[in-house]
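Undergrad: Take this structure, written in structure tokens, and hold onto it; I'll ask about it next.
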Amino acid sequence: MRRYLGLKRIFLPWSRRDTTQNESSPLIPKASSAKEDDEERDNVTPESRQVGPDNRQDDSRVLVSNQPHYRYSFTDYFLKYFLFLCNLVFTVLGLVVLGLGMWGLLSKESFAQEKIGSIGTDPMLILVSLGFVLTLLCLSGCLGALRENCSLLKLFSATVLALITAQVLAGIVAYSLQGQVGSYLRSGMLAAMVHYQDDLDLRFIADEIQTNLQCCGADNYRDWELNIYYNCSAPGVLACGVPATCCVDPLENGTVWNSQCGLGAQLLDEFSAQSVIFLGGCLGGMSRWIEQHEGLIGTVGIVVLGVQILTLFISTRLLERIHWHKMYM
């Protein structure tokens, strides 16, 4: 009888080895799992429930037959697909930023032989780097969530944690140096004015600032004398002039852009020049703009940081759920 029971024990359900432990998606219930559970319950034979000499059932059989089966909850699917969709959106955003940066480099012919040496200082390179890092990071989180790949999810979580730490430290440094913001803005504006004709990106930034803030120069319109083309000693037609974006009305008849409206403006006194160009510098306008929008800037920074913290929390929770499911598979 014992030999017979020993042979029958081979076919008992709890003696089967789990052959699905290496599946890549433990959170996705297999189609045959319910059917296998029913078969396991039906395979409990009368012999497996025989009472021994001491009128007690086999403890090992009772414990295994009562082993709980983990059910897939709504939380599991929510964590997985929410992380997948969020990273998918930011992957597309990263590709757009990367495309804009590459378009900017190609349109300026930055890869030409005579310009390749200065490509490291090209502002478009910031967009390319930002787009590449964002795409690579979010793609790892996207694939890690979809395929439930623990390695990709760990890489994604570690990178997000490093970014959060770097942003917090940058915020602390910026807050401690807020008294020196004005000097940094002045240095940047003067650098853009000096290289106005040589760098298209700096020219675009300076034009946008002067047009939107209705200003001219850093402190006043005479700062344009720092530029070698607008300096009064320059031999060209731009000597003692200012860019057209300094003009009060750069459009002729409201339709045609007059690029020569600022010629000779530095030779005029302030009373005569005020009807032609903006006299005030841009530093005051930028400082006022920052003061007026500091609440919005802080809110955007907190929201961005909060989204990253939420993403980190979801990714770590998803890793825990994947490990938990693998224990019951």
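Undergrad: Do we find a residue being in contact with a Pro (Cβ under 8 Å, 6 or more places away or on another chain), touching a residue at least 60 places away in the same chain (Cβ under 8 Å), open to solvent by less than 60 Å² (accessible area, probe 1.4 Å) and more than 30 Å from residue 144 (Cα to Cα) anywhere in the stretch 227-249?
TA: No: the stretch 227-249 contains no residue that is in contact with a Pro (Cβ under 8 Å, 6 or more places away or on another chain), touching a residue at least 60 places away in the same chain (Cβ under 8 Å), open to solvent by less than 60 Å² (accessible area, probe 1.4 Å) and more than 30 Å from residue 144 (Cα to Cα).
Undergrad: With closer than 16 Å to residue 238 by Cβ and charged (D, E, K, R) as the only criterion, which of 201, 207 stands out?
TA: Working: 201 fails: closer than 16 Å to residue 238 by Cβ.
Sole residue among the options that is closer than 16 Å to residue 238 by Cβ and charged (D, E, K, R): 207.
Undergrad: Anything in the stretch 161-203 that is of a type in the set (Asp, Glu) and open to solvent by less than 70 Å² (accessible area, probe 1.4 Å)? List them, or say none.
TA: 199, 201
Undergrad: Could you tell me which residue of the stretch 281-304 is farthest from residue 180 (Cα to Cα), considering only residues that are in contact with a helix residue (DSSP H, G or I) (Cβ under 9 Å, 6 or more places away or on another chain) and open to solvent by 80 Å² or more (accessible area, probe 1.4 Å)?
TA: It comes out as 297.
One line per residue, one yes/no per condition, for (1) under 17 Å from residue 278 (Cβ atoms); (2) of a type outside the set (Ser, Thr, Tyr); (3) part of a helix (DSSP H, G or I):
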residue	(1), (2), (3)
171	no, yes, yes
201	no, yes, yes
208	yes, yes, yes
211	yes, no, yes
229	no, no, no
237	no, yes, no
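For every residue, the table says whether it meets (1) open to solvent by 40 Å² or more (accessible area, probe 1.4 Å); (2) of a type in the set (Lys, Arg); (3) modelled with pLDDT of 80 or more.
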site: 59; (1), (2), (3): yes, no, no
site: 66; (1), (2), (3): yes, no, no
site: 71; (1), (2), (3): yes, yes, no
site: 81; (1), (2), (3): yes, no, yes
site: 93; (1), (2), (3): yes, no, yes
site: 105; (1), (2), (3): no, no, no
site: 118; (1), (2), (3): yes, no, no
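Undergrad: Continuing with this model, one more query. Just need a number here: residues in the stretch 213-226 that are in a helix (DSSP H, G or I), buried (at least 16 other Cβ atoms within 10 Å of the Cβ) and under 39 Å from the mean Cα position of the chain (by Cα). Spell out how you get there, then give the answer.
TA: First, pick out the residues of the stretch 213-226 that are in a helix (DSSP H, G or I): 213, 221-226.
Remaining after also requiring buried (at least 16 other Cβ atoms within 10 Å of the Cβ): 213, 221-225.
Next, from what is left, pick out any that are under 39 Å from the mean Cα position of the chain (by Cα): 213, 221, 223-224.
Number of matching residues: 4.
Undergrad: What are the pairs with Cβ atoms under 8 angstrom where one residue, in the stretch 141-161, is under 14 Å from residue 85 (Cα atoms) and in a loop (DSSP other than H, G, I, E, B) and the other, located anywhere, is basic (Lys, Arg) and open to solvent by 10 Å² or more (accessible area, probe 1.4 Å)? Sequence gap at least six, or different chains.
TA: none
The values are calculated or read from the model by the stated rules, or taken from the named source; none is laboratory data. In this text, all values refer to a predicted model and were calculated from it rather than measured experimentally. Cβ atoms come from the backbone with ideal geometry, glycine included; neighbour counts cover every protein chain shown. Ligands, DNA and RNA are excluded from the accessible area calculation, which covers all protein heavy atoms including side chains. Shrake-Rupley method; radii C 1.70, N 1.55, O 1.52, S 1.80 Å.
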